[in-house]
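A quick write-up on the structure given underneath.
The values are calculated or read from the model by the stated rules, or taken from the named source; none is laboratory data. Just so you know, these numbers come straight off a predicted model, no measurement behind them. Cβ placement follows ideal geometry from the backbone for every residue including glycine, while neighbour counts extend to all protein chains displayed.
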Amino acid sequence: MRIVVKDNVNELAVEKLKEELKIHKLDVSSVDGYNNSVWNIEGETSKITDKQILNYGVVYAILRENESYQETDRAFHPNDTIIDVSGIKVGNGYFQVIAGPCAIENENQIIHIAEQVKKSGASMLRGGAYKPRTSPYSFQGLREEGLKLLLEAKRITGLPVVSEITRLESIDLFDSVDVIQVGARNMQNYELLKELGKLQKTILLKRGFCNTIDELLMSAEYIMAGGNKNVILCERGIRTFEPSMRNTLDISAIPMIKSKSHLPVIVDPSHAGGIRKLVEPLTLASLVAGADGAIIEVHDNPDNALCDGEQSLTCEMFDDMMSKINGLAYFMRLNLKK
Ligand code: PEP
Ligand code: MN
């Protein structure tokens, strides 16, 4: 069990709490790096109730083993985390837009789209090389060749790139990819998450379409417990009884996750709505709800896209939306691209 002690509290009350813990035969030690404010409690912790601990008025949070979000919980990190992705800051005070095609299709396509979204103000380029499709007969992505083309677009435009990993074996191919995306279908692929925890690269972890917020945070724990603290969470729509949209964007997840965790939260309105005309309103609503950014599918010829064309914005629509985002970000006192 861990407890977090409040700042500037009565020393006597702190000592009394320590005595009470000792009476319950519990060992107290201070966790390194937290200035005595986080204690590790060992022994039969079930013998003491939360109420008995809180009675002293000096404890801010109690985390018992079976509900321990040591890395993601805001109680341990009261300040918002800001993640630096090759010079682009993601987190409190910034609204970053990642844009690009669902899938990399060929060299001209990815480079042209990269140049267009850059011109409109996107701060990172997305592009799927390994595509986890619902049907095995759908386009599965250009795989290794796709990653090479994405890196070429990065070289030409200077935009940091985001791409999805689907299996442990391809991890070395992602060396020059700035952000590794874990898709909704792999959110609970714990072996993959553990391997990503050994890297120092930013991981964009998407919420599974049937997963709770706490399950998303536990998946982030898997990555962070391994030592990689660079995790961005992504709300991308969940499955509800409403069939008009591909999924339902859980706007309330944005402030809820932020109240529970210090990690940055972005949204994916493309997969949430699944329909082009929903992308702009969902993005603007997410900005106002406190999201730290958005990942948007953009295609130069969406009607002929090999993947997710129906939810992809044209380059012109993206440009138009970016000017609205700029206006809204100014109104909300957020920064774009720093
Ligand atoms: C994607 O980003 O292209 C994707 C497949 O997203 P998700 O995992 O959210 O379905
Ligand atoms: Mn897609």
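Got a number for residues in segment 187-218 being away from ligand 1 (no atom under 12 Å from the Cβ) and closer than 19 Å to residue 163 by Cβ?
Selection size over segment 187-218: 11.
Only one residue in 73, 80, 27 is loosely packed, with under 15 Cβ neighbours inside 10 Å and among the acidic types (Asp, Glu). Which one? Break it down stepwise before answering.
Details: 73 fails: loosely packed, with under 15 Cβ neighbours inside 10 Å; 80 fails: loosely packed, with under 15 Cβ neighbours inside 10 Å.
The unique qualifying residue is 27.
What are the residues in segment 252-290 that are more than 16 Å from ligand 1 (Cβ to nearest atom) and among the aliphatic types (A, V, I, L, M), if any? Reasoning before the result, please.
We begin by selecting, within segment 252-290, every residue more than 16 Å from ligand 1 (Cβ to nearest atom); these are 252, 255-256, 258-264, 277, 280-281, 284-285, 287-290.
Matches in segment 252-290: 256, 263, 284, 285, 287, 288, 289.
Testing residue 81 on (1) assigned to a helix (DSSP H, G or I); (2) β-branched (Val, Ile, Thr); (3) under 17 Å from the mean Cα position of the chain (by Cα), one condition comes back false. Which one is that?
It is condition (1) that residue 81 fails.
Out of all the residues in segment 44-60, is one or more more than 20 Å from residue 21 (Cα to Cα) and not acidic (Asp, Glu)?
Quick first cut of segment 44-60, residues more than 20 Å from residue 21 (Cα to Cα) only: none.
Scanning segment 44-60, I find no residue that is more than 20 Å from residue 21 (Cα to Cα) and not acidic (Asp, Glu), so the answer is no.
List the number of the failed condition for residue 58; all other conditions in (1) closer than 30 Å to residue 312 by Cβ; (2) surrounded by 19 or more Cβ atoms within 10 Å (Cβ to Cβ); (3) over 28 Å from the mean Cα position of the chain (by Cα) hold.
Unmet for residue 58, out of (1) closer than 30 Å to residue 312 by Cβ; (2) surrounded by 19 or more Cβ atoms within 10 Å (Cβ to Cβ); (3) over 28 Å from the mean Cα position of the chain (by Cα): (1).
Looking only at segment 91-107, which residues are surrounded by fewer than 19 Cβ atoms within 10 Å (Cβ to Cβ) and either at pLDDT 95 or above or outside any loop (DSSP other than H, G, I, E, B) (or both)? Give the derivation first.
First pass over segment 91-107, keeping only residues surrounded by fewer than 19 Cβ atoms within 10 Å (Cβ to Cβ): 92-93, 106-107.
Hits for segment 91-107 are 106, 107.
For segment 219-309, list the helices (runs of 4 or more DSSP H) that sit wholly inside it and hold at least 1 residues that are within 26 Å of residue 79 (Cβ to Cβ); which are they?
Numbers: elements: 253-260, 269-273, 276-288.
The helices (runs of 4 or more DSSP H) meeting that bar are 253-260, 276-288.
Take the residues in segment 169-186 that are within 12 Å of ligand 1 (Cβ to nearest atom) and in a helix (DSSP H, G or I), then tell me which one is nearest to the chain's Cα centre (by Cα).
My answer is 184.
Need pairs with beta-carbon distance below 6 Å; first residue farther than 12 Å from residue 289 by Cα and within segment 257-274, second part of a loop (DSSP other than H, G, I, E, B) and within 11 Å of ligand 1 (Cβ to nearest atom); sequence gap 6+ or separate chains.
Filtered contacts from segment 257-274: 268/236; 271/236; 271/237; 272/236; 272/237; 272/247; 274/246.
Conditions first: (1) in a loop (DSSP other than H, G, I, E, B); (2) within 25 Å of residue 220 (Cα to Cα); (3) modelled with pLDDT of 85 or more. Residue 25 passes all but one, so which condition is the exception?
Against the list (1) in a loop (DSSP other than H, G, I, E, B); (2) within 25 Å of residue 220 (Cα to Cα); (3) modelled with pLDDT of 85 or more, residue 25 comes up short only on (2).
Taking only segment 184-214 into account, find how many residues are among the hydrophobic types (A, V, I, L, M, F, W, C), touching a helix residue (DSSP H, G or I) at 6+ places or on another chain (Cβ under 7 Å), within 20 Å of residue 131 (Cα to Cα) and away from ligand 2 (no atom under 16 Å from the Cβ).
So the answer is 5.
Test of understanding: among 110, 156, 88, which residue is surrounded by fewer than 21 Cβ atoms within 10 Å (Cβ to Cβ), hydrophobic (A, V, I, L, M, F, W, C) and farther than 28 Å from residue 194 by Cα?
156
Can you tell me which residue among 154, 148, 131 is within 13 Å of ligand 2 (Cβ to nearest atom) and at negative phi?
Values: 154 fails: within 13 Å of ligand 2 (Cβ to nearest atom); 148 fails: within 13 Å of ligand 2 (Cβ to nearest atom).
Matching residue, one of 154, 148, 131: 131.
Only residues that are in a helix (DSSP H, G or I), under 23 Å from the mean Cα position of the chain (by Cα) and modelled with pLDDT of 95 or more: list them for segment 135-168, please. Spell out how you get there, then give the answer.
If we filter segment 135-168 for residues that are in a helix (DSSP H, G or I), which is where we start, we get 144-157, 168.
If we keep only those that are under 23 Å from the mean Cα position of the chain (by Cα) as well, we get 147, 150-151, 154, 168.
Within segment 135-168, 147, 150, 151, 154 qualify.
Could you list, in sequence order, all residues of segment 116-134 that are in a loop (DSSP other than H, G, I, E, B) and within 13 Å of ligand 1 (Cβ to nearest atom)? Give the derivation first.
The first filter runs over segment 116-134 and keeps only residues in a loop (DSSP other than H, G, I, E, B), leaving 121-123, 127, 129-134.
Those that are in a loop (DSSP other than H, G, I, E, B) and within 13 Å of ligand 1 (Cβ to nearest atom): 127, 129, 130, 131, 132, 133, 134.
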